[in-house]
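No value in this document is a laboratory result; all are computed from the given coordinates. Everything quoted here is computed from the prediction, not taken from an experiment. Cβ sites come from the backbone with ideal geometry, for glycine too, and all protein chains shown count toward neighbours.
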Amino acid sequence: MSGGGRGGGPQGAAVTGRRDRPGPGSDAEWLRRAVELSRRCPPSPTAFSVGAILVAADGRELARGHSRQDGGRVHAEEAALRSLGNPRPSLRDATLYTSLEPCTRRASSPSPCTRLVLAAGIGRVVVAWREPPLFVADCTGVETLRAAGVEVVCRDDLAEAARAVNRHLLPSGPAGG
């Protein structure tokens, strides 16, 4: 990861992974939409507000979801994948845009989001913000996905927008705010 460490650090144009293309339909534009979607999350003192959008290789939006979308403890990636229904289209060439790094552990379900992404066969994930150690001390979603062959792009330049939605959860200081 670039940009100064887990869940925080200096902001700039740091991008790790494949370079973005400018304009409508770009990684930056889709990720901004995912961050805006996270603003729809019902507030929670024990969970981040996250937005996720799944986009086909041709630029069509396939699905979207946000944390706690249908009540309960559903995560954004999970909500987006559920909305695809069955049978699902092939997602090998699709990109998942998510405002927060997909989780590797969770208390509310036996299936963390990284496992759901891998099971769905999604080939590319673009993340705005690495999960800070507030609820999970050692989230390794980016590393887990990369190790499984998924292309992961970290857009540190959009992390502040994702953090702002969750400001009420974060302590002040480098890691939180």
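Report ³J(HN,Hα) in whole Hz for each residue of segment 110-124, in order, from the Karplus equation J = 6.51 cos²θ - 1.76 cosθ + 1.60 where θ = phi - 60°; Gly and Pro get x.
Result, rounded to whole Hz: x, 10, x, 4, 4, 5, 5, 4, 5, 5, 6, x, 5, x, 8.
When you count, for each residue, the other Cβ atoms within 10 Å and take the mean per peptide, how do 157-165, 40-48 rank with the highest first? Don't skip to the answer; put the middle values down first.
Details: 157-165: 20.3, 40-48: 14.7.
Per-residue Cβ counts within 10 Å, averaged per peptide and sorted highest first, yield 157-165, 40-48.
Could you tally the net charge around residue 93, taking each other residue with its Cβ under 12 Å from the Cβ of residue 93, Lys/Arg +1 and Asp/Glu -1? Walk me through the numbers on the way to the answer.
On the way: positive: 60, 92, 124; negative: 58, 151.
Counting the neighbours of residue 93, the net charge comes to +1.
Kindly provide the Kirkwood hydrodynamic radius of segment 53-177 in Å, to one decimal, from all pairs of distinct alpha carbon atoms. The partial results should precede the final answer.
Working: mean 1/r = 0.0673 Å⁻¹.
Its Kirkwood hydrodynamic radius stands at 14.9 Å.
Distance between Cα centroids, segment 43-67 to segment 91-119: provide it in whole Å.
Result: 11 Å between the Cα centres.
In the neighborhood of residue 76, defined by Cβ-to-Cβ distances under 13 Å, what is the net charge if each Lys or Arg adds +1 and each Asp or Glu adds -1?
On the way: positive: 33, 39, 40, 64, 68, 73, 82, 106; negative: 36, 70, 77, 78, 101, 131.
Here the charged neighbours net out to +2.
Work out the charge dipole of segment 21-66 with +1 on the Cβ of Lys and Arg and -1 on the Cβ of Asp and Glu about the Cα centre, then indicate which of 66, 56, 31 is farthest towards its positive end.
Final value for the positive-end residue is 66.
Ordered by residue, what ³J(HN,Hα) values in Hz, to whole numbers, does segment 156-162 give under the Karplus form 6.51 cos²θ - 1.76 cosθ + 1.60, where θ = phi - 60° and Gly and Pro are x?
3J(HN,Hα) across segment 156-162, in whole Hz: 4, 5, 10, 5, 4, 5, 5.
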